[in-house]
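Right, one structure below, let's go through it.
Just so you know, all these numbers are worked out from the coordinates, no wet-lab data involved. Since this is a predicted model, take the numbers as computed values, not measurements. Here the Cβ is made from the backbone with ideal geometry for all residues, glycine too, and neighbour counts use every protein chain on show.
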Amino acid sequence: MSYKQVKYYQDIGDYSAALKIARDDWSANSRLKWPRNTIAWLLIRMMKVDAKVYAKNRFIKELNEFIALDIPKTDTKLWGAIVWPIRDIVEDGIRMQWFTPQFGDELFDIIKDLPFHKPSDSYSAMLAAFIELGALWPGLDEFIEWWGLENLTPFDYRRYPHRNELVSLADKVLKINAQIHSQV
């Protein structure tokens, strides 16, 4: 792989050109690990850029392409890195008042089988974003069950000001979980 070429295109923000070079090198020898990892990191950068309401389709395409790379489940660094753009697109959807139940379902269907490292700060950050959806997404109860309350970390119990009260991520999750189970 022409490291200098890939680095050049990354530096100028042309991730598509860098991705093409990395893909060409990987097609030449798919047994090599580093072209796949380069592709994975480029896709993560592209997802970070596309974690916006208006780029939802590109984001989903890049996420699916990342998954198709068959990154080993033990590579916690790469699997942890994709959590951040997932969180970002959920937060952007909330901020722009665009998040739809269909998009929530589509995103959850893609991520629910991924080998995220649990518990971790990134895993908790993803939970925090989805929790903000509240009643906007009927699939939140299934998401919380999948996420697993046992994955709350001591940091998740720290309280921060939120809407004129001190509340922790754990408080929010447990409150929503109790509301969901009281409706059943």
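Each residue of the stretch 146-151 was assigned a 3J(HN,Hα) from its phi angle through the Karplus expression (A = 6.51, B = -1.76, C = 1.60, θ = phi - 60°), giving 5, 4, x, 4, 5, 8 Hz with x at Gly and Pro.
Kindly state, to the nearest 0.05, the FRET efficiency for Ala125 paired with Arg31, given R0 = 45 Å and r defined as their beta-carbon distance.
0.85
In whole Hz, with x marking every Gly and Pro, tabulate ³J(HN,Hα) for the stretch 56-67 from phi via Karplus 6.51 cos²θ - 1.76 cosθ + 1.60, θ = phi - 60°. Running phi through 6.51 cos²θ - 1.76 cosθ + 1.60 with θ = phi - 60° gives 3, 5, 5, 4, 4, 4, 5, 4, 5, 5, 4, 4 Hz. Backbone geometry of the stretch 156-168 corresponds, through the Karplus equation with coefficients 6.51, -1.76 and 1.60 at θ = phi - 60°, to 3J(HN,Hα) couplings of 5, 8, 6, 9, 10, x, 8, 6, 6, 8, 8, 9, 10 Hz, x marking Gly and Pro. By how many degrees, between 0 and 90 and to the nearest 10, does the Cα long axis of helix 101-111 differ from the longest principal axis of the chain? Computed tilt is about 60 degrees. Of the three principal axes defined by the Cα atoms of the chain, the extents in descending order read 57, 33, 29 Å. Between the stretch 155-184 and the stretch 75-93, the C-alpha centres lie 22 angstrom from each other. Amide H to amide H, with H built 1.01 Å from N, Val167 comes under 5 Å of Tyr160, His162, counting only residues 5 or more places away or on other chains.
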